[in-house]
Amino acid sequence: MYEIVGKRELAPKIKLFEVNAPEMAEKARPGQFLIIIIDEKGERIPLTVAGYDAEKGTISFAFNEVGKTTKQLGCLKVGDSVQSITGPLGNPSDIRNFGRALCMAGGVMIAPMLLQVRALREAGNKITVVVGARIKELLFYEKEMKDLSDEFYVATDDGSKGYKGLDFLKEILSKQKFDRCVAWGPVVMMKNVCEITKPFGVPTVVTLTPIMIDGMGMCGVCRVTVGGKMKFGCVDGPEFDGHLVDFDGLINRQRMFLPEERLSSLLWELQGGCSCGGK
Ligand SMILES: Cc1cc2nc3c(=O)[nH]c(=O)nc-3n(C[C@H](O)[C@H](O)[C@H](O)COP(=O)(O)OP(=O)(O)OC[C@H]3O[C@@H](n4cnc5c(N)ncnc54)[C@H](O)[C@@H]3O)c2cc1C
Ligand code: FES
């Protein structure tokens, strides 16, 4: 069992948990992920490492309450435990001094991106950070990101804060040369970023979130197509060269079980869901 020792609401329906997991806290690196099972009937959900503290023996992850399991997880409180956490899984991010790095973080992935930004800064990079969300209420970590970056921008889909959409990136890219772009967020956002960076020749790394089961290269569920070749998101990734990813194929596979997922979430709520009110 893994005890929850910290819980924080980063934005509506986005929570950050800190759990006791000393062995994982020693090994985890930016870019890796965990597979969490809440209880004996729980499904396996992959979540990206959003923090680790080897001294305290804790590991953190942030999640968006999108379906049955993430809603159920969001109802747990400090002092509760989750049955199983496997990890750290996947390959750590490539952290080096590339020169000037553009870090694009969207939605819940702003949380693990903070780890990546910190590591890239410590490696000596000049950093431009863009945080984005659908609406301004879903933004978080603005101060933390600003403090770590040389340039900082905000973007929202509806223009309620900062730039509206991502078109402003073209102006940034035409003014200065970037040696690397890291884009983490919803698949559609990563696809858009890659379409924008490609003509400027900026190497762009994305983190892919295909449906996963074992997370260890055995089931094949997490198949993605990269550069015309089949790769496994869990063991070959989760980060890939964004200019080679077949994003449309990934989006189709992610939606394979939508009716079942909606039903499962509805049934859970009809059976009482939880009454924690998100706290
Ligand atoms: C490597 C990796 C890292 C991830 N990191 C994060 C993160 O840091 N924060 C976060 O909020 N989400 C993250 N996700 C997505 C997260 O795993 C799903 O949102 C979660 O599994 C949804 O479960 P659910 O039961 O609440 O929702 P459901 O209603 O079951 O699913 C909602 C949607 O989530 C996706 N999904 C469902 N089951 C899985 C699964 N087993 N594996 C992957 N995707 C699934 C599907 O696209 C589905 O349509 C990550 C996924 C992967 C593969
Ligand atoms: S999740 Fe099973 S092979 Fe990747």
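Only a single item in (1) at negative phi; (2) away from ligand 1 (no atom under 13 Å from the Cβ); (3) at pLDDT 95 or above is not met by residue 175, and it is number (3). The set of residues from region 249-266 being free of Cβ contacts under 8 Å to residues at least 24 places away in the same chain and of a type outside the set (Lys, Arg) comprises 252, 258, 259, 260, 263, 266. Flag: residue 216 does not match the condition of being open to solvent by 50 Å² or more (accessible area, probe 1.4 Å), in a strand (DSSP E or B) and within 16 Å of ligand 2 (Cβ to nearest atom).
Scanning region 252-279 for residues that are more than 14 Å from ligand 2 (Cβ to nearest atom) and either basic (Lys, Arg) or assigned to a strand (DSSP E or B) (or both) gives 255, 262, 279.
In summary, strands (runs of 3 or more DSSP E) completely within region 1-85 and bearing 2 or more residues that are closer than 21 Å to residue 260 by Cβ and under 20 Å from the mean Cα position of the chain (by Cα) occur at 33-37, 45-53, 58-64. Restricting attention to region 154-188, the residues that are outside any loop (DSSP other than H, G, I, E, B) and either closer than 19 Å to residue 98 by Cβ or open to solvent by 30 Å² or more (accessible area, probe 1.4 Å) (or both) total 15.
Name the single residue, out of those in region 226-240 being open to solvent by 50 Å² or more (accessible area, probe 1.4 Å) and assigned to a strand (DSSP E or B), that is farthest from ligand 1 (Cβ to nearest atom). Ranking the candidates gives 229 first. Regarding region 241-251, can at least one residue be identified that is acidic (Asp, Glu) and within 8 Å of ligand 2 (Cβ to nearest atom)? Among the residues of region 241-251, not one is acidic (Asp, Glu) and within 8 Å of ligand 2 (Cβ to nearest atom), which makes the answer no. Within this structure, residue 123 passes the test of being farther than 21 Å from residue 249 by Cα and modelled with pLDDT of 95 or more. Residues that are open to solvent by less than 20 Å² (accessible area, probe 1.4 Å) and in contact (Cβ under 8 Å) with a residue 60 or more places away in the chain do occur in region 137-145, at least one of them. As a summary of the residue check, residue 42 satisfies the conditions (1) within 16 Å of ligand 2 (Cβ to nearest atom); (2) modelled with pLDDT under 95 except for the one numbered (1).
Restricting attention to region 37-71, the residues that are within 11 Å of ligand 1 (Cβ to nearest atom) and over 14 Å from residue 16 (Cα atoms) add up to 11. Only one of the listed residues (3, 9, 18, 23) is open to solvent by 50 Å² or more (accessible area, probe 1.4 Å), free of Cβ contacts under 8 Å to residues at least 60 places away in the same chain and not basic (Lys, Arg). That residue is 23.
The values are calculated or read from the model by the stated rules, or taken from the named source; none is laboratory data. All figures in this text were calculated on a predicted structure; none of them were measured in a lab. Using ideal geometry, Cβ is built from the backbone for each residue, glycine included, and neighbour counts are taken over all protein chains shown. Just the protein is used for accessible areas: all its heavy atoms, side chains included, with ligands, DNA and RNA removed. Shrake-Rupley method; radii C 1.70, N 1.55, O 1.52, S 1.80 Å.
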